[in-house]
Amino acid sequence: MDFFCYHRDRAESLDLRMELLEDHWSYMDRFAQEMIARGPTFVGQDEVPTGSVHMLSLPDTAAARAFAFDEPGYQAGVYRDVMLRRWRNDLGRTMWEFPGGAPEGDGYLVLGLGEARPAGEVPAVPDVKGLITFGPLLSDDGERWLGTIAMVRAESSEQARDALPGNDYAEVEVHQWRFGGRS
């Protein structure tokens, strides 16, 4: 099963986040084979972190919860909340397999939340240039669609928003994002 995990930073937690960076990476190294995509969300040219995204394959929901809540930053209070959902990798590749290479200041996470409906009624993969990952957020049992996640290279946040076309979403968030992991 694939999962989307988004740890959102707590205000004023940057120093603690940086203090725990090696612990975070060491923890994530244990899941290297399972990773589909990862990386920080941030704001501004200084790339001040706002969260940490991980998309990975794990055996079940219990393993995904353990992954999310055993993470060192979560344990130490870096994050204000965690979004953990089943996710389906509709492109069937990892971020490292994206033919356009790593974003260079032009990467975005686009998160669309909608009203629950049967999982068979998910939005189709759009024909959007720069699409790195794409897939639906699903209920724990995989029976209901709850939203969609896309990671995309785009010239602006407005252009990135186009990765989730149509009126399927009650709310859409666009965050600056870049490939994560050890340099």
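Which condition from (1) within 27 Å of D60 (Cα to Cα); (2) open to solvent by less than 70 Å² (accessible area, probe 1.4 Å); (3) of a type outside the set (G, A, S) is the one that D141 breaks?
Failing condition for D141: (2).
In the stretch 144-161, how many residues are aliphatic (A, V, I, L, M), out of contact with any Gly (no Cβ under 8 Å at 6 or more places or on another chain) and surrounded by fewer than 22 Cβ atoms within 10 Å (Cβ to Cβ)?
0
Does E71 satisfy being under 20 Å from R182 (Cβ atoms), more than 14 Å from the chain's Cα centre (by Cα), of a type in the set (D, E, K, R) and surrounded by 19 or more Cβ atoms within 10 Å (Cβ to Cβ)? Don't jump to the end; show me each part of the working.
Working: under 20 Å from R182 (Cβ atoms): yes; more than 14 Å from the chain's Cα centre (by Cα): yes; of a type in the set (D, E, K, R): yes; surrounded by 19 or more Cβ atoms within 10 Å (Cβ to Cβ): yes.
Yes: the conditions hold for E71.
Identify the single condition in (1) open to solvent by 60 Å² or more (accessible area, probe 1.4 Å); (2) at pLDDT below 95 that P49 does not satisfy, given that it satisfies every other one.
The number of the failed condition is (1).
Filter the stretch 3-49 for residues that are in contact with a His (Cβ under 9 Å, 6 or more places away or on another chain), part of a loop (DSSP other than H, G, I, E, B) and more than 16 Å from G181 (Cα to Cα) and give the result.
Matches in the stretch 3-49: none.
Out of curiosity, is L91 open to solvent by 30 Å² or more (accessible area, probe 1.4 Å), at pLDDT 95 or above and either among the small types (G, A, S) or over 20 Å from P49 (Cβ atoms) (or both)? Outline the logic, then answer.
Working: open to solvent by 30 Å² or more (accessible area, probe 1.4 Å): yes; at pLDDT 95 or above: yes; either among the small types (G, A, S) or over 20 Å from P49 (Cβ atoms) (or both): yes.
Spelling it out, L91 is indeed open to solvent by 30 Å² or more (accessible area, probe 1.4 Å), at pLDDT 95 or above and either among the small types (G, A, S) or over 20 Å from P49 (Cβ atoms) (or both).
Do we have A63 as of a type in the set (A, V, I, L, M, F, W, C), part of a helix (DSSP H, G or I) and either touching a helix residue (DSSP H, G or I) at 6+ places or on another chain (Cβ under 9 Å) or on the phi > 0 side of the Ramachandran plot (or both) here? Spell out how you get there, then give the answer.
Working: of a type in the set (A, V, I, L, M, F, W, C): yes; part of a helix (DSSP H, G or I): yes; either touching a helix residue (DSSP H, G or I) at 6+ places or on another chain (Cβ under 9 Å) or on the phi > 0 side of the Ramachandran plot (or both): no.
So A63 does not fit the description; no.
Could you list, in sequence order, all residues of the stretch 13-72 that are basic (K, R) and within 22 Å of W96 (Cβ to Cβ)?
Initially, the stretch 13-72 is screened for residues basic (K, R), giving 17, 30, 38, 65.
Listed by number, the residues that qualify are R30, R38.
Looking only at residues in the stretch 106-138 that are surrounded by fewer than 14 Cβ atoms within 10 Å (Cβ to Cβ) and either of a type in the set (D, E, K, R) or touching a helix residue (DSSP H, G or I) at 6+ places or on another chain (Cβ under 7 Å) (or both), which one is nearest to D46 (Cα to Cα)? Spell out how you get there, then give the answer.
First, pick out the residues of the stretch 106-138 that are surrounded by fewer than 14 Cβ atoms within 10 Å (Cβ to Cβ): 115-118, 120-121, 124, 127, 129.
Now narrow it down to the ones that are either of a type in the set (D, E, K, R) or touching a helix residue (DSSP H, G or I) at 6+ places or on another chain (Cβ under 7 Å) (or both): 115, 117, 121, 127, 129.
Working: E115: 35, R117: 39, E121: 40, D127: 31, K129: 26 Å.
Out of the qualifying residues, it is K129.
Please count how many residues of the stretch 141-153 are more than 19 Å from R38 (Cβ to Cβ) and under 17 Å from the mean Cα position of the chain (by Cα). Working first, answer last.
Let us first name the residues in the stretch 141-153 that are more than 19 Å from R38 (Cβ to Cβ), namely 141-147.
Still in the list and also under 17 Å from the mean Cα position of the chain (by Cα): 145-147.
Adding up the residues that qualify gives 3.
The values are calculated or read from the model by the stated rules, or taken from the named source; none is laboratory data. Source: prediction; values computed, not measured. Reconstructed Cβ throughout: ideal geometry from the backbone, glycine too, with neighbour counts over all protein chains shown. Ligands, DNA and RNA are excluded from the accessible area calculation, which covers all protein heavy atoms including side chains. Shrake-Rupley method; radii C 1.70, N 1.55, O 1.52, S 1.80 Å.
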